[in-house]
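Please treat every number below as a calculation from the coordinates, not as lab data. What you are looking at is a predicted structure, and each value in this text was computed from that prediction instead of being measured. With ideal geometry, Cβ positions are generated from the backbone for all residues, glycine too; neighbour counts draw on all protein chains shown.
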Amino acid sequence: MKMLHFKNNFFNYFILLYLIVSIFASLNVGITHDEFHNLDVWNIKKNIYLNYLFNSNLSVEFEDLGMKYYGVGFHFFSLPFELIFNLIFSNLDLTELGKTLMLKHPSIVIIFTISGIYFQKILNFIVQNKTYASLSAIFYLSYPYLLGHSFFNFKDIPFMSIWVICTFYIIKISNIFFKRNEIKNLDLFLLAILTSFLISIRISGILIFFEFFVFVLFTYQISKINFKKFLKIITPKLLLFILTFISSLFLLHPTYWTNPFIFFDSISYMSQHIQTVCTTTFGDCMKAQSLPSTYVPLWLLVKLPIIILVGFLILPLIDKKIFSNELHSINIGSLILSIIIIMLSVIFFNFHLYDEIRQVMFLVPLCFIISLSVIYFFSNAISKSILIIYLIFFLYQNIKIFPYNYLWLNNFSTIAKITNNFELDYWGASTKNIAKFFKKNKFNKDECIISNRNDGIKQFLNLREACFINFRNLHKKNQRPFFVVLTERSLNKGVPNNCEKIYDENFKMNFSKEKLVVAKIFKCS
């Protein structure tokens with residue numbers, strides 16, 4: 001009967017409902033541009049496994065150098081869920097390729113939800129209040145920016161989710177060591193496997209070693225343990241971690257099998273990933289290969305909920321209250337320093353970032369943990385009420401702006417216009433709604449579609465009845481009538497003469513009256 005007690009188990013009920021609703025939502029968004037490339041990478045690396053296991057001779061040729069360095073760890077997690085959902089949702093109105101891609105979406109929701117459970121555990125470790133920790137985790141899972149990405153972002157959300165779980169284990173290990181001067185082998189073993197899994201998704205996962213080092217340093221300093229005793233305890237544990245980490249990373253990344261030193265080539269290549277795109281930030285088009293040091297802070301300023309920013313502002317007011325507690329110093333102090341070191345390393349090494357903060361999305365939950373802890377310690381009485389108000393607002397926003405939840409910006413951004421100042425639909429989630437327009441307004445199969453996202457749109461249409469022309473042929477002599485679809489960064493690209501706009505895909509964010517156009521359809525007669 002205890003399981004039926006809502007007050008004590010509301011978080012469990014929320015997780016169940018959240019999974020059902022979010023999985024359904026993830027199957028009703030567009031297919032985005034990166035999904036095709038990532039599937040190609042997975043198919044090639046899957047062939048490496050099949051060649052080794054069954055002595056087959058499947059093709060393992062990479063179309064570009066970057067494919068060699070991309071990780072595919074998430075697909076191991078996703079594969080069993082894809083098989084299950086293929087049985088449940090066998091009648092999806094998609095092409096076979098579209099169905100393959102779409103059925104990967106629920107796995108992203110699932111791993112994000114798991115990270116929410118560990119987020120709750122971390123908050124409970126720190127504030128020692130299960131109700132507040134549960135509300136904080138719901139806040140994290142309902143945050144439109146992350147929720148929107150969890151519908152389709154197969155790299156950044158799984159990467160961030162595993163980072164959260166790794167953070168839980170390093171906090172648990174540090175706290176147990178501080179209290180009892182011991183490290184449990186199981187916790188260390190799980191941390192090593194999870195760390196290798198993290199790096200198998202994105203090579204930038206090596207940045208988590210900064211976080212590990214900071215936690216070890218803080219724990220050692222605050223516990224005041226004798227250095228020789230500390231070394232005696234930690235040395236065999238470190239060896240266990242290294243051996244487990246290297247062996248599991250090797251298994252998860254088949255590219256390293258022919259030459260383990262490719263690992264270092266991966267770091268070099270991916271940190272300076274060739275990307276000529278620029279990200280519109282406060283009206284400036286900031287190029288990925290020459291970003292100002294303010295790029296990440298500026299995006300955090302408009303992406304983080306205002307209450308999270310307020311939490312950082314009040315931190316100096318109660319720092320003595322927080323850091324007079326040794327465990328708070330280890331947990332919160334280590335997270336603060338980790339964020340600072342990681343952000344400085346991103347700036348110092350000039351990592352190529354683009355599409356808002358997707359490559360450093362893993363910093364967002366760390367910011368949440370710090371700020372939500374500070375708010376609780378500042379005022380236990382009002383902290384829960386503030387979260388409940390935000391949860392109502394997030395619910396309203398998530399319904400209103402679906403499927404563009406990932407574009408959510410806080411109200412600071414609405415002081416000025418969002419259009420032309422910030423990025424809109426840079427993943428191309430509008431593809432399903434565009435296809436829906438063409439289905440609703442039946443067109444002649446001889447009336448071709450020219451779009452920069454043909455691949456995404458065609459998965460929702462009957463290919464035998466649809467004609468697509470490559471976007472590079474936009475200004476060539478094409479048989480009229482034809483349609484032009486502009487999405488993502490091509491939204492303001494010029495169209496040929498005698499073309500009339502017939503549809504805008506748009507939505508409104510927060511309480512702003514500004515119409516945000518994410519796609520345009522023209523008919524050229």
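Can you flag which of Lys436/Lys513; Lys45/Lys440; Lys321/Lys400 are past 31 Å Cα-Cα? Over 31 Å apart, Cα to Cα: Lys45/Lys440; Lys321/Lys400. Extent along the principal axes, Cα only, for the range 46-122: 44, 37, 26 Å, with the longest axis given first. Between Ile314 and Gln479, residue separation times 0.36 nm minus the direct Cα-Cα distance comes to 53.1 nm. Helix 130-142 and the longest principal axis of the C-alpha atoms of the chain enclose an angle of approximately 20°. With Rh defined as the Kirkwood radius, the inverse of the mean 1/r over Cα pairs, the Rg/Rh of the range 431-524 is 0.97. The modelled label-to-label distance for the pair Asn380/Ile347, using points 7 Å beyond Cα in the direction of Cβ, is 3.7 nm. Extension gain for Trp257-Leu19 works out to 82.0 nm (0.36 nm per residue, less the C-alpha to C-alpha distance).
Lacking any other cysteine beta-carbon closer than 4.7 Å, the following Cys residues of the chain have no compatible partner: Cys166, Cys367. Can you tell me the orientation of helix 227-252 relative to the chain, as the angle in degrees between its alpha-carbon axis and the longest Cα principal axis, to the nearest 10? It works out to around 20 degrees. Along each principal axis, taking the top coordinate minus the bottom one, the Cα set of the chain gives 81, 60, 55 Å in descending order. Here the residues Trp257, Trp163, ranked from fewest to most Cβ neighbours within 10 Å of their Cβ, fall in the order Trp257, Trp163. For the chain, the longest principal axis of the alpha carbon atoms and the long axis of helix 363-378 meet at an angle near 50°.
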